[in-house]
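Beneath this line is the structure, given in structure tokens, with notes to follow.
The values are calculated or read from the model by the stated rules, or taken from the named source; none is laboratory data. Since this is a predicted model, take the numbers as computed values, not measurements. Backbone-built Cβ (ideal geometry, glycine too); neighbour counts: all protein chains shown. Accessible surface areas use protein heavy atoms only, side chains included; no ligands, DNA or RNA. Shrake-Rupley method; radii C 1.70, N 1.55, O 1.52, S 1.80 Å.
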Amino acid sequence: MAKNPNIYKFEIIERIITEVDFTTKDEVVNFAKKVRDIALERDDINKEIKDAFKNAYKEIDEELTLGNLKEIKKIISGNAN
């Protein structure tokens with residue numbers, strides 16, 4: 001059974017947030033752009049996954065605030081208190 005494409009997007013966002021130590025939103029956006037660009041260049045990644053990388057980047061860049069990013073990172077790391 002295939003995953004919902006949004007699941008891929010959320011997994012990518014989570015992974016990007018946990019892979020970079022950041023103090024500004026620009027740091028996350030720049031890292032997300034690099035990850036997206038690498039994924040789009042690869043021939044062994046299917047269109048659905050490439051679209052998920054594009055959508056993840058767009059959400060990080062246009063929709064999530066620095067506060068959102070920090071909160072997500074805190075929740076993922078188990079420090080939601």
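Things worth noting here:
- Test for K54: is it open to solvent by 80 Å² or more (accessible area, probe 1.4 Å), farther than 21 Å from I76 by Cβ, assigned to a helix (DSSP H, G or I) and free of Cβ contacts under 8 Å to residues at least 24 places away in the same chain: yes
- Residue within the stretch 69-78 that is open to solvent by less than 40 Å² (accessible area, probe 1.4 Å) and closer than 13 Å to E11 by Cα present: no
- Filtered residue count, the stretch 12-29, keeping only those that are surrounded by 13 or more Cβ atoms within 10 Å (Cβ to Cβ), over 14 Å from D61 (Cα atoms) and free of Cβ contacts under 8 Å to residues at least 40 places away in the same chain: 2
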